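Trainee: Sharing a structure, written as structure tokens. Questions coming.
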Amino acid sequence: MTAVTISPAPVRPVSRRRNLRWLISDVAVLAKRSLARIAREPETLMDVTIQPILFVLLFAFVFGGAIPLPGGGNYHEYLIGGMLAMGLAATAPGTAVALVTDMSSGLIDRFRSLPTSRSAVLAGRTIADLVTQVIGTAVVAGVGLAIGWRIHSSVADAAAAFGLALLFGYAFTWLGACLGMVLRSPEAAQQLGFVLFLPLTFVSNAFVPTQGMPGWLQPIAEWNPMSALAAASRSLFGNPNPAASVQAWPMQHPELAVLGWSAVLLAVFTPLAVRLYHRKAR
Amino acid sequence: MGEIPAIETERLTKSFGSTQALSGLDLAVPQGGILGLLGPNGAGKTTAVRVLTTLLRPDSGQARVLGFDVVRQAAEVRHHIGLTGQYAALDDYLTGRANLIMIGQLGRLSRSQARRRADELLARFDLTGAAGRAVKTYSGGMRRRLDLAASLIGRPEVLFLDEPTTGLDPNSRAVMWEIIRELAAEGTTLLLTTQYLEEADQLASQVAVIDAGRVVADGTPDQLKAKVGEDRIAVQLAPGSDLAAAVAVVRGQTTGRVEADPSQLQITAPIPARDGITTDVVRALDAAGVRVSDVTLSRPSLDDVFMILTGHRAAPEPAPAGGDAGQPATEQGGAAA
């Protein structure tokens, strides 16, 4: 075979600022694409709308009466901090399912064959999921107001509570993104999401104060990030917060604990998800 | 001499676990050329396309598109290529038009450019009426056309089509062929994979037959067919028909040697491969007053090509001597799924 000499092709001049502009544009296009589905089929939002409403009603009117709060207080007001945490955690399996679906349909391959910024697919997805989390949070707050939950603190504290919750929620979607990169079918993502999400939510103070749990389970529940998030929200909203009397560090400093957990989740799962995404080209 | 080949691979290899998908693939396609990559399932066609479109890293060897290395200059390669995979890669929940605009924007068109180009392609591929509908309501043929439109939105110089007509009904297939011919006429370099000899023959200017990850034969479709043999027609006459008259009629339809078997009242002859040839022969025989009881047309199938070129059947079978005979069960081994 004759060797063919190839003159090096001219390489396109690349500027950093130009790349950044394209990255932002790509992320916006992809986030908009994910949200467009919600506009066409609002029923896909059921997991952040109907589901939390059902849980609020279930706990407020069925289980709540049987759950005593150490130090007293209205269970309906206690409930909403936990419900916020649950609603945010519930969206992570959705992130995984959406990514696995795009992977198996070949759509992500198409994106990867385009000159699209490499990290835009994951960033676009997680930002779209953040928007659904904002919607879910508003629904929880709305149904909370309807059952008697009130904010007893300043506007700044309330804003901080919502801000912390959404920060944690966003960090959590990157765990979902990692699962989406590893799993092979949307069904598997759905099921694994449920298996992880259920103990995470229920072995916490989201619905029941940890004081009533067996001694061996209490430290697990107290260090569960869901507990910190629920406690931080309750404390910032001025709602009953029995966790304040628990000695564990995250219960004494729930806001810092939420910031810490969010930072850890972002520091671990963002680069991991990006790596797994790139490894698809192995 | 100086022109850079549009597509070029040298001793390209890729394996998935113990499965060797590419085992030293050499290809060269000049700019404006149309290469038909012909082979059975598991021959390595999809893997070759995935390497060339920067979706998969080869284990060894070189692959270049317009002179850009697909590994080291992947970003540059992506500016020049379009890809249409085996399954329409579209967002089912977006409208056809929204899909094209999204892919255009991700392919570095501005929003207004992407819109303009989307409308142009929708009109060209006869999808304007369905442009505002969600893609999940589209038929198989419409999805393939939209998928092809999506791969054209950035006006790629090199287009990869992985089994563009597999699973389509004959009508949709004909439409796809027409579109592919138009693209070729506009000077786009094409690499299309197919399992159908006829498709490669109809569309490609050069054909490479691949088996177990390497090229086993290449050349123009005519050269390949000369190796394999042509279509043959067999005419069975009704008892009492005029054999000599029938032979004269068949001779008028072919330039090849016409064989007649008087005892069986049967005529066989090589015949040009074109649509409607059987009908033409039957009409001509009818016009000459010859009564026919049966006409059969036999075309060399991919199996025949394989049997002749490789000495074994196209379908994967237990490896006789290990080594490169083992073919992947499916070509999706490297796919993200």
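Trainee: Are there any strands (runs of 3 or more DSSP E) wholly within segment B:1-67 with 2 or more residues that are within 10 Å of chain A (Cβ to nearest Cβ) and touching a residue at least 40 places away in the same chain (Cβ under 8 Å), and if so which?
Mentor: Strands (runs of 3 or more DSSP E) meeting the threshold: B:7-16, B:60-65.
Trainee: Right, another one. Can you confirm whether segment A:252-273 contains a residue that is in contact (Cβ under 8 Å) with a residue 24 or more places away in the chain, surrounded by fewer than 22 Cβ atoms within 10 Å (Cβ to Cβ) and closer than 26 Å to A:Ala60 by Cβ?
Mentor: There is at least one residue in segment A:252-273 that is in contact (Cβ under 8 Å) with a residue 24 or more places away in the chain, surrounded by fewer than 22 Cβ atoms within 10 Å (Cβ to Cβ) and closer than 26 Å to A:Ala60 by Cβ.
Trainee: Do the conditions hold for B:Ile81, that is, is it under 17 Å from B:Ile7 (Cβ atoms) and either free of Cβ contacts under 8 Å to residues at least 60 places away in the same chain or crowded, with 23+ Cβ neighbours inside 10 Å (or both)?
Mentor: For B:Ile81, the condition - under 17 Å from B:Ile7 (Cβ atoms) and either free of Cβ contacts under 8 Å to residues at least 60 places away in the same chain or crowded, with 23+ Cβ neighbours inside 10 Å (or both) - is met.
Trainee: Given (1) touching a helix residue (DSSP H, G or I) at 6+ places or on another chain (Cβ under 7 Å); (2) touching a residue at least 40 places away in the same chain (Cβ under 8 Å), where does B:Gly107 come up short, assuming only one miss?
Mentor: With respect to (1) touching a helix residue (DSSP H, G or I) at 6+ places or on another chain (Cβ under 7 Å); (2) touching a residue at least 40 places away in the same chain (Cβ under 8 Å), B:Gly107 is out only on (1).
Trainee: Among the residues of segment A:229-249, are any touching a helix residue (DSSP H, G or I) at 6+ places or on another chain (Cβ under 6 Å), charged (D, E, K, R) and in contact (Cβ under 8 Å) with a residue 12 or more places away in the chain?
Mentor: yes
Trainee: Okay, next question. Has segment B:254-273 got at least one residue that is exposed (fewer than 14 other Cβ atoms within 10 Å of the Cβ) and in a strand (DSSP E or B)?
Mentor: yes
Trainee: Which residues, taken from segment B:68-78, are at the interface with chain A (Cβ under 7 Å from one of its Cβ atoms) and either under 14 Å from B:Thr189 (Cβ atoms) or surrounded by 23 or more Cβ atoms within 10 Å (Cβ to Cβ) (or both)?
Mentor: Hits for segment B:68-78 are B:Phe68, B:Arg78.
Trainee: Hey, can you tell me all the residues within segment B:83-98 that are in a helix (DSSP H, G or I) and at the interface with another protein chain (Cβ under 8 Å from one of its Cβ atoms)?
Mentor: B:Ala98
Trainee: Return the only residue of A:Met86, A:Met103 being away from chain B (no Cβ under 13 Å), of a type in the set (A, V, I, L, M) and assigned to a helix (DSSP H, G or I).
Mentor: The conditions single out A:Met86.
Trainee: While we're looking at this one, here's another question. Surrounded by fewer than 21 Cβ atoms within 10 Å (Cβ to Cβ) and over 27 Å from A:Arg125 (Cα atoms): does that describe B:Ser110?
Mentor: no
Trainee: Assuming B:Arg108 fulfils every condition listed in (1) at positive phi; (2) not in a loop (DSSP other than H, G, I, E, B) apart from one, which condition is it?
Mentor: B:Arg108 satisfies all of (1) at positive phi; (2) not in a loop (DSSP other than H, G, I, E, B) except (2).
Trainee: Hey, does segment B:112-130 have a residue that's aromatic (Phe, Trp, Tyr) and more than 10 Å from every other protein chain (Cβ to nearest Cβ)?
Mentor: Looking for residues that are aromatic (Phe, Trp, Tyr) and more than 10 Å from every other protein chain (Cβ to nearest Cβ), one finds at least one in segment B:112-130, hence yes.
Trainee: Cβ-Cβ under 8 Å, sequence separation 6+ or interchain: first residue in segment A:34-46 and more than 7 Å from every other protein chain (Cβ to nearest Cβ) and without any contact (Cβ under 8 Å) to a residue 24 or more places away in the chain, partner part of a helix (DSSP H, G or I) and charged (D, E, K, R). Which pairs?
Mentor: The qualifying pairs are A:Thr44/A:Arg37.
Trainee: Can I ask one more? What is the one condition in (1) surrounded by fewer than 20 Cβ atoms within 10 Å (Cβ to Cβ); (2) of a type in the set (Val, Ile, Thr); (3) within 18 Å of A:Leu196 (Cβ to Cβ) that A:Ile135 does not satisfy?
Mentor: Here A:Ile135 meets the rest and fails (3).
Trainee: Next question. Check segment A:97-105 and report whether any residue there is of a type in the set (Val, Ile, Thr) and within 27 Å of A:Trp261 (Cα to Cα).
Mentor: yes
Trainee: Could you please let me know if A:Met181 is farther than 24 Å from A:Pro52 by Cα and buried (at least 21 other Cβ atoms within 10 Å of the Cβ)?
Mentor: Spelling it out, A:Met181 is indeed farther than 24 Å from A:Pro52 by Cα and buried (at least 21 other Cβ atoms within 10 Å of the Cβ).
Only the coordinates and a few stated rules stand behind these numbers; no lab work does. On a predicted model such as this, the values are computed, not experimentally measured, just so you know. Cβ coordinates were reconstructed from backbone atoms using ideal geometry, including for glycine residues, and neighbour counts include every protein chain displayed.
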